[in-house]
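See structure below.
The values are calculated or read from the model by the stated rules, or taken from the named source; none is laboratory data. What you see is a predicted model, and the numbers here were worked out from it, not measured in a lab. When we count neighbours, we look across all protein chains shown, and the Cβ atoms used for this are built from the backbone with ideal geometry, even at glycine.
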Amino acid sequence: MRPTPVTLRRVKSLIVMSVVAAAEALCQDKQNGAVNQAPASRPQRRIVVSIPDRKLALVEDGRVVKIYRTAVGAAATPSPSGTYTILQRVKNPAWYGPDTVVAAGKNNPVGTRWLGLSRKSYGIHGTNNPRSIGRRASHGCIRMRNSDVEELFELVSVGDVVELHGQRDAELTLIFAAPAAPSAQPVSGQVLTAASSGGGQ
């Protein structure tokens, strides 16, 4: 039985998706110029990502500093839930695919910044497709507009905690229901506590 043209197109699409996912996964392993120094004294800081809301919050000393819109993993390549740390900070990263390398620039799929996580091959990065923001569109990483990830990059350090939440809970409702104030006031007059320790689904 010969495959139909429709079947061939579907297979080709799956192969292309798999290649891009694999390339995105290899990107973290092959980055040059990583900035891996954490300051000696710093505030307690964490990044909280609500996968269902497609939003990222920077929380410092229990206060929401800023909330950003993101793209998260597509249905076929979901973002992992869990608690991780930032291991790597890279300005103007190259993107490494199976048979190609895309240098830093406007065509780079990971945009202008890469924050590599302790979960191998996953990170928070920019994009060359800003229309994907607000959607389930990535291969598991957290995508941000380049201007947003450039701002976040300057506010975080290696060692900061990154929490990826696959389901809403009371804390996420508190974080993402109230807008972050320029003065970084506690949400609802309360200081947020870190989510329960330990990663996982």
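A compact table of results
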| quantity | calculated |
| --- | --- |
| Filter result for residue 149 (within 20 Å of residue 48 (Cβ to Cβ), more than 12 Å from the chain's Cα centre (by Cα) and not in a strand (DSSP E or B)) | no |
| Cross-chain or 6+ apart pairs with Cβ under 9 Å, the stretch 105-123 first and more than 15 Å from residue 91 (Cα to Cα) and in a loop (DSSP other than H, G, I, E, B), then of a type in the set (Phe, Trp, Tyr) and modelled with pLDDT of 95 or more | 118/84; 119/84; 122/84 |
| Selection from the stretch 124-142 of residues that are among the β-branched types (Val, Ile, Thr) and closer than 18 Å to residue 93 by Cα | 124, 127, 142 |
| Options 143, 168: the member that is touching a Ser or Thr at 6+ places or on another chain (Cβ under 8 Å) and at pLDDT below 95 | 168 |
| Hits in the stretch 109-131 (condition: of a type in the set (S, T, N, Q) and either under 19 Å from residue 166 (Cα atoms) or modelled with pLDDT under 90 (or both)) | 118, 121 |
| Set 18, 79, 13: member being outside any strand (DSSP E or B), at pLDDT 60 or above and not basic (Lys, Arg) | 79 |
| Any hit, the stretch 45-56, residues being on the phi > 0 side of the Ramachandran plot and surrounded by fewer than 18 Cβ atoms within 10 Å (Cβ to Cβ) | no |
| Residue ID - farthest from residue 172 (Cα to Cα), chosen from residues in the stretch 57-84 that are polar (S, T, N, Q) and surrounded by 17 or more Cβ atoms within 10 Å (Cβ to Cβ) | 77 |
| Residue within the stretch 89-101 that is more than 20 Å from residue 169 (Cα to Cα), of a type in the set (Lys, Arg) and modelled with pLDDT under 95 present | no |
| Failed item, numbered, when residue 173 is tested on (1) in contact with a strand residue (DSSP E or B) (Cβ under 6 Å, 6 or more places away or on another chain); (2) free of Cβ contacts under 8 Å to residues at least 60 places away in the same chain; (3) not in a loop (DSSP other than H, G, I, E, B) | (1) |
| Some residue of the stretch 132-153 being surrounded by fewer than 19 Cβ atoms within 10 Å (Cβ to Cβ) and touching an Asp or Glu at 6+ places or on another chain (Cβ under 8 Å) | no |
| Residue selected from the stretch 92-118 under the condition under 22 Å from residue 69 (Cβ atoms) and of a type in the set (D, E, K, R), by the criterion nearest to the chain's Cα centre (by Cα) | 113 |
